[in-house]
Structures are given as C-alpha cells and as structure tokens.
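The values are calculated or read from the model by the stated rules, or taken from the named source; none is laboratory data. Here the structure is a predicted model, which means the values were calculated and not measured. Note that each Cβ is placed from the backbone with ideal geometry, even for glycine, and that neighbours are counted across all protein chains shown. Each accessible area value is taken on the protein alone, full model and side chains, heavy atoms only, with ligands, DNA and RNA left out. Shrake-Rupley method; radii C 1.70, N 1.55, O 1.52, S 1.80 Å.
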Amino acid sequence: MSSNKKPDCFIISGRFNQSLGEKKNTVEGIGQVPAVIVFGDSLVDVGNNNHLKLSILKSNFPHNGIDYPNHKATGRYSNGKNAADFFSENLGLAASPPYLSIKSASDKVQVLLDQGGINFASGGAGILNETNKLFKQAISLSEQITHFTTLHGVFKQQLGTVQAQTYLEKSVFLIAIGSNDILDKFKGVSLSLQPESSGDEFINSLMVVLKSKLKTIYNLGARKFALVGLGMIGCCPKLRRKNPTGECNEQANYWSVKYNKAVKSLLQELKEELTDINYSLINTYDIMANFLQQPALYGFSEIKSACCGAGKFRAKVPCLPIAVYCKNRRDHVFWDLYHPTEAATKIIMNEFFMGTEKYVYPVNLKQLLEI
C-alpha cells in the first residue's frame with residue numbers, strides 16, 4: 001500500500017480505467033471482474049479480527065497459516081488459504097485485503113482499485129447483530145455493511161457516480177454468513193428439544209434480516225452476488241465431540257438444510273423484485289456430504305477429527321499454539337473445531353467456479369461473470 005497522498009481523482013480514474021481495460025484476467029473466457037468485495041464470517045475473514053482489541057475470536061497465531069505463504073498466521077481460520085482467497089484466485093485476482101488493516105479512507109479506495117477488492121468479513125460474525133455480540137467479539141453483517149457504506153461514499157466522491165457504479169456493477173460480492181447464527185441460537189441447548197416451530201421462526205427471522213441487508217448492498221451498487229450455503233454444521237469436530245456416539249449432530253444438520261432452502265427461496269424472491277441482479281449459490285452442504293461419504297474420491301482419509309487441536313476428535317482444545325497438528329493436512333476435511341482445511345476449501349471453491357447445477361444454483365461463478 002502506497003503512503004503517497006492521492007487527492008487527484010483523475011489519477012484514480014485513470015487507474016480505474018486500466019483495471020477494467022488493460023489489466024488482463026488470468027481466467028480465459030470470462031468477463032472482466034475489477035474486484036471481489038467480501039462480507040461474512042470466519043470462512044472468509046482474512047485478518048479483520050486481528051484489529052479488534054477486545055475480541056478473543058482470532059486466529060493470528062500458530063498453528064494457523066502453517067501452509068500459507070511464508071508459513072504465516074494471518075488471521076485466517078485455516079492451515080493455508082481460505083474460501084475468499086480461492087474465490088479471488090479463480091477470478092484471476094489477488095485476495096481482497098482486510099478492510100481494518102488499511103488506515104485512511106483514500107488508501108482504502110486505492111487498495112480496492114489496485115488490489116482488486118476489499119474484505120469486510122469477521123470471524124464469529126452473524127446475520128443478527130446479537131450473534132457473538134458480547135464484548136464485541138465480531139463485526140456483525142450490519143456493521144460490515146456500515147463500513148462498506150462509508151467506503152462507498154469516498155469511492156463515489158473520488159471516481160464520480162457513473163464510474164463508481166460501473167465498477168461495482170462489474171464486481172462480484174461474495175457473502176458467507178449464517179453458521180454462527182445457527183450455532184449461537186442452539187449453543188448449550190439440545191437441538192432435539194427445540195420445537196420445530198421455534199426453529200422455523202428463527203430461520204424466517206434470519207431471512208427477513210438477510211434480505212434487508214442484501215437490498216442495502218444492492219442499493220450501494222452491487223449487481224452480482226455469490227453466496228456460500230451452510231455446510232454440514234453438525235459434522236464439525238466440535239459437535240461430534242459433544243455427541244456421545246461421536247456421530248454428526250443431525251439436528252444441527254437439519255437446521256443447516258432448512259437455512260439453505262430458505263436462502264435459495266430468498267434469492268429467487270429478490271431476483272423477482274430486483275430484476276437486474278444476478279447470483280450464484282453454492283451448495284456446500286452436499287459437497288461436504290460427498291467428502292464424508294466418499295472421502296478417498298477427494299483425497300481424504302480423516303473425516304471426523306480436526307487436524308489441529310487436542311482431546312477427542314482434537315476438538316476439546318482449540319487450535320492454539322499448545323495444541324498438536326497433523327503432519328498431512330491434505331488428508332483431513334477439518335482443520336480445527338469448525339473450519340475446513342485448505343484442501344477441502346479449494347475443492348468447494350473450484351466447484352463454485354465451474355460446477356453443475358447439482359451444486360451451484362442457478363449458475364456457477366463462471367457463468368455468472370458472463371451474464
């Protein structure tokens with residue numbers, strides 16, 4: 001990031017034109033994408049939580065990042081790259097940097113233009129403001145959008161309304177959120193004891209808020225949305241450990257499926273209301289089901305235990321520096337209590353980019369970019 005002042009909108013405007021014209025995307029045959037703008041939780045956080053003074057929801061310490069370039073823990077909840085990294089990589093762009101790591105508003109704009117994106121995601125974040133709100137553990141989706149609103153104002157001021165809108169319309173907005181709301185809702189409570197009507201009401205309340213947030217992002221210029229559906233939450237090592245049988249928590253998986261169906265319906269409704277938006281929704285749940293049912297087909301041999309941690313399923317103690325980690329991260333589906341390994345994430349993101357309607361609806365990312 002340059003420390004030079006950049007008050008001249010003509011300089012910025014020129015760089016913008018270059019990003020849309022002269023800069024070549026490394027992926028052949030797709031429309032030019034100037035940027036990836038990311039909202040979400042720990043699946044796509046690339047270091048924003050590092051800058052939250054009171055939060056303990058951080059991963060900027062070993063053994064995280066052991067397979068990341070320079071073996072560095074960056075704040076990603078992974079042994080290496082995460083979903084946001086692979087998403088941008090598949091578009092031929094560098095990973096979108098964390099918003100909170102950039103000081104001034106003008107620098108944030110310049111980074112967005114120069115590096116092809118910006119990332120607002122926060123580990124522990126939810127759709128609801130109250131999810132992980134205690135001690136400001138995470139930046140909620142609402143707060144993330146507030147940050148984007150601030151950036152949008154400066155962006156529009158420096159580029160001009162027309163160029164700013166053109167840039168954002170060509171960009172892709174990646175959103176991975178919802179799992180923390182589900183986990184937080186039923187934390188410490190047996191899911192099987194929850195009345196189904198209560199769960200349905202909760203899912204519906206999430207959809208009301210999510211729809212409002214997506215509309216806000218739309219009103220700020222977004223036209224191409226890429227949403228990550230929930231995986232098999234009940235099969236993560238943390239929830240397996242809590243099950244006396246060591247099997248998946250089927251109730252948690254049940255509500256993950258209900259959430260995913262609700263999001264699919266929500267996006268269909270949104271498309272009817274806002275006809276100029278287009279979207280892609282990845283069916284993470286079914287892809288993970290394949291991992292667990294046919295692990296060898298994907299190069300996995302360990303589907304229950306975390307790679308990094310301690311105790312049963314390496315899920316009693318989180319992935320702290322005192323924990324142990326597996327030698328071969330490639331053969332594990334899960335890196336820690338909740339998060340997939342780099343290997344599992346890469347497969348999912350590749351499916352997002354080139355997959356069939358079985359796993360990506362209504363179009364894959366490559367097709368979305370061609371619209």
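Some observations on this one:
- Computed [θ] at 222 nm, deg cm²/dmol, the chain (DSSP H ≥ 4; -39,500 (n - 2.57); rounded to nearest 500): -12500 deg cm²/dmol
- Dipole of the range 91-237 [Lys/Arg +1, Asp/Glu -1 at C-beta], most positive-end residue of Asn119, Ser142, Gly160: Gly160
- Spacing of the two label points (7 Å from each Cα toward its C-beta) at Asn204 and Val154, in nm: 4.2 nm
- The charge dipole of the chain, taken about its Cα centre with unit charges on the Cβ of Lys, Arg, Asp and Glu (plus for the first two, minus for the last two), comes to roughly 940 debye.
- When the charge dipole of the range 190-332 is built from unit charges on Cβ atoms (+1 for Lys and Arg, -1 for Asp and Glu) and taken about the Cα centre, the candidate among Leu320, Phe300, Ser265 whose Cα reaches farthest toward its positive end is Leu320.
- Compactness index (Cα Rg / 2.2 N^0.38 Å), the range 44-125: 1.06
- Rg and Dmax [Cα atoms of the range 265-333; Å; Rg one decimal, Dmax integer]: 18.4, 52
- Overall form of the range 53-182: oblate. Here a/c, set by the Cα gyration tensor axes a ≥ b ≥ c, is 1.5 or more, and a/b is not larger than b/c.
- Of the residues Asn64, Phe173, Ala84, the one whose Cα sits farthest towards the positive end of the charge dipole of the chain is Asn64 (charges of +1 on Lys and Arg Cβ, -1 on Asp and Glu Cβ, taken about the Cα centre).
- Heavy-atom accessible area for Ser205, with the other protein chains in place and a 1.4 Å probe, reaches approximately 50 Å².
- Gyration tensor over alpha-carbon atoms, the chain, equivalent ellipsoid semi-axes in Å: 33, 23, 20
- Charged side chains reduced to their Cβ positions (Lys and Arg at +1, Asp and Glu at -1) give the range 214-272 a dipole of some 160 debye around its Cα centre.
- Between Leu54 and Gln293, residue separation times 0.36 nm minus the direct Cα-Cα distance comes to 82.0 nm.
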